[in-house]
1. Consider region 16-69. How many of its residues are farther than 15 Å from Tyr255 by Cβ and not charged (D, E, K, R)?
2. Give me the pairs, please: first residue somewhere in region 231-254 and on the phi < 0 side of the Ramachandran plot and of a type in the set (Gly, Ala, Ser), second residue anywhere and in a loop (DSSP other than H, G, I, E, B) and at pLDDT 95 or above, beta-carbon distance under 6 Å, and either six or more positions apart or on two chains.
3. Residue under question is Thr239, and the condition is that it be crowded, with 16+ Cβ neighbours inside 10 Å and hydroxyl-bearing (Ser, Thr, Tyr); does it hold?
4. Testing Tyr185 on (1) buried (at least 22 other Cβ atoms within 10 Å of the Cβ); (2) farther than 19 Å from Phe104 by Cβ; (3) of a type outside the set (Gly, Ala, Ser); (4) in contact (Cβ under 8 Å) with a residue 40 or more places away in the chain, one condition comes back false. Which one is that?
5. If only one of Phe267, Phe238, Phe190 is under 29 Å from His283 (Cβ atoms), in the same structural domain as Arg41 (by TED's automatic domain parsing) and of a type in the set (Phe, Trp, Tyr), which one is it?
6. Within region 240-266, work out how many residues are under 16 Å from Leu81 (Cα atoms) and among the hydroxyl-bearing types (Ser, Thr, Tyr).
7. Can you find, within region 256-294, the residue that is farthest from Met59 (Cα to Cα) among those that are at pLDDT below 95 and of a type in the set (D, E, K, R)?
8. Have a look at Arg173, Arg109, Arg114, Arg136 and point out the one that is exposed (fewer than 14 other Cβ atoms within 10 Å of the Cβ), within 30 Å of Gly2 (Cα to Cα) and under 27 Å from the mean Cα position of the chain (by Cα).
Amino acid sequence: MGDKTMTADEAVARLESGMTLGIGGWGSRRKPMALVRALLRSPVTDLTVVSYGGPDVGMLAAAGRIRRLVAPFATLDSIPLEPHFRAARESGSLDLTEIDEAMFMWGLRAAAHRLPFLPVRAGLGSDVMRVNPGLRTVTSPYADGSTGAYETFVAMPALRLDAALVHVNRADRAGNGQYLGPDPYFDDLFCEAAGTAYLSCERLVDTAELTKAAPPQTLLVKRLHVSGVVEAPGGAHFTSCAPDHERDEAFQRLYASLPWAEFAERFLTGDEQAYRTAVRTWHEETRDRRGEDRP
């Protein structure tokens, strides 16, 4: 099956400016943040990013790496609107293609099946059609059995990706990926819709171990869709990766409140180990201050 393990920097070195890049996860949940941080250390820019947006979108937008964003939202979950995404939109530094969540999923599914589009009811009668004048509708060639009507659908174009980045709980060296939390977040579709996909994981395990701790249906990502595997404990930080760790809410609030340049200077100027050290130091300082404030 081959050993596809590599470092985050080695994975990102395979990306190029101008690519269409899919990023898995959902909002501030199980985002491949170690890979995003590696991307920020690289010269790659001018990206079209396709994402159920969270801090991945916020950081890349703040750093000026996104030319166009395709997304149904950009949120930190407990903070409804991603602040750095908002700043980028207000400044006009990126273009936005905003579509319904179901349309987004159907676009990934069309790309995964190598179809040019798939019909979907979502979006009809909404402003999605107005703000995306390039969208088209299609009429079913088959009459409804009860009404005899020929239904009209949105023809959602395929969201074909040059590359995808996703994060899961466990993976083996061949690229099989397993999620252990409550939701797959469509990471399998991101991988299948992409020309190449890079999978980071909380822990690298032997293939046989993937089915010992959880049922086979948790094997979300298949090795044939994965080009590289990165072991990255805490690689989703500060987003959640249940059951391995919850969202670091305190640090997320810091991220949302600090000016981007200040946040980047303190936490993103070094490698991944430097990031973890800086985060740990900040938490220790915060605990010390709280101790001093106690009566």
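1. 28
2. Pairs that qualify, where the first residue is on the phi < 0 side of the Ramachandran plot and of a type in the set (Gly, Ala, Ser) and the partner is in a loop (DSSP other than H, G, I, E, B) and at pLDDT 95 or above, are Ala236/Arg30; Ala236/Lys31; Ser240/Glu246; Ser240/Arg247; Ala242/Gly181.
3. Details: crowded, with 16+ Cβ neighbours inside 10 Å: yes; hydroxyl-bearing (Ser, Thr, Tyr): yes.
Yes: the conditions hold for Thr239.
4. Failed condition: (2).
5. Numbers: Phe267 fails: in the same structural domain as Arg41 (by TED's automatic domain parsing); Phe190 fails: under 29 Å from His283 (Cβ atoms).
The match here is Phe238.
6. 2
7. Taking the candidates together, the pick is Arg294.
8. On the way: Arg173 fails: exposed (fewer than 14 other Cβ atoms within 10 Å of the Cβ); Arg109 fails: exposed (fewer than 14 other Cβ atoms within 10 Å of the Cβ); Arg136 fails: within 30 Å of Gly2 (Cα to Cα).
Sole residue among the options that is exposed (fewer than 14 other Cβ atoms within 10 Å of the Cβ), within 30 Å of Gly2 (Cα to Cα) and under 27 Å from the mean Cα position of the chain (by Cα): Arg114.
The values are calculated or read from the model by the stated rules, or taken from the named source; none is laboratory data. Remember, it's a predicted structure, so these values are computed and weren't measured experimentally. Methodologically, a virtual Cβ is constructed for each residue, glycine included, from the backbone with ideal geometry; neighbour enumeration extends over all protein chains shown.
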